[in-house]
Amino acid sequence: MFNKEKLKNMFKGKKKTENIVVLIIILIITVVAINYIWSDGNNEKTIDDTGIKEEDVMQVSSNNKEDELELKLEKILAKISGVGKVKVMITYSETSELKPIYNEDSSSSNTNETDSSGGTRTVTETESQKEVVFKENTDGSKEPITQSISSPKVEGAIIVAEGAENPTVKTNIVQAIEAATGLATHKIQVFKMEEEVG
């Protein structure tokens, strides 16, 4: 025959076990959540403290270099006798690539964990940050410090000039572009500029 005390003690023991199981489940969920949050926060960052993305820096720098070449060519071509007003468009097979210098900071920590069944495991957490290094110009603007810049490959050139109908002027333009860019003659097209009405 069962004693009421024995019965109560059995349920008390069962209640403690259930509480321990619930507590362990909550701890596991908490550890997983913390690991998830930490791993999201520790992904490599390519944004520096100014909020500028590395890709944006590369794109702006490459666009500036490409625009510079067109402007330089326009200035020099305008000085050739008979050319007059001139516009240059250079086409590229690929864009230039700027490789900035990074300030990298990484740290790691090891944690030994023991579970309720006596098993142990080592958890390694690695935290790393990667930021583009900038230099400040005299005007207050920031410019990335680069370790290398690979220039884009020039594929062709279109030139529109006022004096392009003259064969000698046209030849001079083609030779100037050929000398400056290394393009073959057939990749340089010269057209007469439309006269402005008004």
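Of all residues in the range 88-114, which are of a type in the set (S, T, N, Q), closer than 30 Å to GLY163 by Cα and either surrounded by 10 or more Cβ atoms within 10 Å (Cβ to Cβ) or without any contact (Cβ under 8 Å) to a residue 12 or more places away in the chain (or both)?
THR91
Restricting to the range 151-198, what's the tally of residues that are of a type in the set (S, T, N, Q) and in a helix (DSSP H, G or I)?
6
In this structure, does SER117 turn out to be farther than 30 Å from ILE177 by Cβ, among the small types (Gly, Ala, Ser) and surrounded by 10 or more Cβ atoms within 10 Å (Cβ to Cβ)?
no
For the range 154-190, name all the residues that are closer than 16 Å to ILE80 by Cα and out of contact with any helix residue (DSSP H, G or I) (no Cβ under 8 Å at 6 or more places or on another chain).
Across the range 154-190, the qualifying residues are VAL160, GLU162, GLU165, ASN166, PRO167, THR168, VAL169, LYS170, THR171, ASN172, GLN175, ALA179.
Only the coordinates and a few stated rules stand behind these numbers; no lab work does. Predicted model only: the values in this text are computed from it and were never measured. Every residue, glycine as well, gets a Cβ built from its backbone with ideal geometry; the counts of neighbours run over all protein chains shown.
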